[in-house]
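Engineer: Here it is, the structure, as structure tokens.
The values are calculated or read from the model by the stated rules, or taken from the named source; none is laboratory data. These numbers were taken from a predicted model, which means no experiment stands behind them. All Cβ positions, glycine included, derive from the backbone under ideal geometry; neighbour counts span all protein chains shown.
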Amino acid sequence: MKNISQLVLLPLAVCFVVGCGAKQTKKVIVMASGSISASGNTIELDPSLTHNEKELIFEDAKLNLSVKSKGGESKNFELTDNGIYVLNLQTDTLIGGLVNYGSVGVPGSITAEQLDHIIDSTEQLMTGAGASDAKSTFFIPPFTIKKLSSKDNARVIGSFKGIPYKVDVDETGKTPDVIKFFSNKQKRETLKDLMEQRAKLKKV
């Protein structure tokens, strides 16, 4: 009986050591100015003025991602960490960060002081100065890739999609992270509106 137990336990021990073939998942969200096609680990871009997005799932432990543009540019990326990535194939830099949802899953109200902070931090982020993984603020120039989160339930909202009014909790009772992106051009256009909103709040 002792020998049988040892035979049963040995495969289990080996399974724990090698991780039982633990799933390696890398979700790459491509945001592009033009049409996108993917074959294996190669992404091809046909540049145009049309915005497109594509979500790609890879299960390689070590992913060598090749990007080729019909416009002539090509680049290779090596991804080793699991998680969610954004690949920026737009002609403009993408900036973004976590959406601030309240405890009930809807965006919280904003004070004039908070607007001051948003305006200042946005101006810094547009130059890359305010980008911080610790604060989940992101600056992604064209033809670069950036890991956003290790959480596989995080939601990424592109520059031409609106922010959800609310987000439901997942099966564990937690609110998923929602990360919203804008182009630098969009943010330049909205900074004026934010400044006007701040002025109105300070008059109240």
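Engineer: If I filter the stretch 66-99 down to residues being assigned to a loop (DSSP other than H, G, I, E, B) and without any contact (Cβ under 8 Å) to a residue 24 or more places away in the chain, which single residue comes out as nearest to T190 (Cα to Cα)? Reasoning before the result, please.
Structural biologist: If we filter the stretch 66-99 for residues that are assigned to a loop (DSSP other than H, G, I, E, B), which is where we start, we get 70-73, 80-82, 90-93, 99.
Okay, now just the ones that are also without any contact (Cβ under 8 Å) to a residue 24 or more places away in the chain, so 72, 80.
Numbers: G72: 33, T80: 36 Å.
Applying the filter and picking the extreme gives G72.
Engineer: Return the only residue of K174, K146, K166 being modelled with pLDDT of 90 or more and under 28 Å from K27 (Cβ atoms).
Structural biologist: Details: K174 fails: modelled with pLDDT of 90 or more; K166 fails: modelled with pLDDT of 90 or more.
Exactly one residue qualifies, and that residue is K146.
Engineer: Please specify each residue of the stretch 137-186 satisfying the condition of being closer than 25 Å to E78 by Cβ, surrounded by 17 or more Cβ atoms within 10 Å (Cβ to Cβ) and more than 13 Å from the chain's Cα centre (by Cα).
Structural biologist: Across the stretch 137-186, the qualifying residue is only F143.
Engineer: G130 is checked against (1) out of contact with any helix residue (DSSP H, G or I) (no Cβ under 9 Å at 6 or more places or on another chain); (2) in a loop (DSSP other than H, G, I, E, B) and fails just one. What number does that condition carry?
Structural biologist: (1)
Engineer: Further question on the same structure: If Q197 passes every condition in (1) part of a loop (DSSP other than H, G, I, E, B); (2) touching a Leu at 6+ places or on another chain (Cβ under 7 Å); (3) polar (S, T, N, Q) but one, which one does it miss?
Structural biologist: Result: Q197 fails condition (1) only.
Engineer: Tally up the residues in the stretch 37-65 that are touching a Gly at 6+ places or on another chain (Cβ under 9 Å) and touching a residue at least 24 places away in the same chain (Cβ under 8 Å), please.
Structural biologist: The qualifying residues number 5.
Engineer: Select from the stretch 37-54 the residues that are part of a strand (DSSP E or B) and touching a Leu at 6+ places or on another chain (Cβ under 6 Å) and write down the one among them that is nearest to S74 (Cα to Cα).
Structural biologist: Restricting to residues being part of a strand (DSSP E or B) and touching a Leu at 6+ places or on another chain (Cβ under 6 Å), the top hit is L45.
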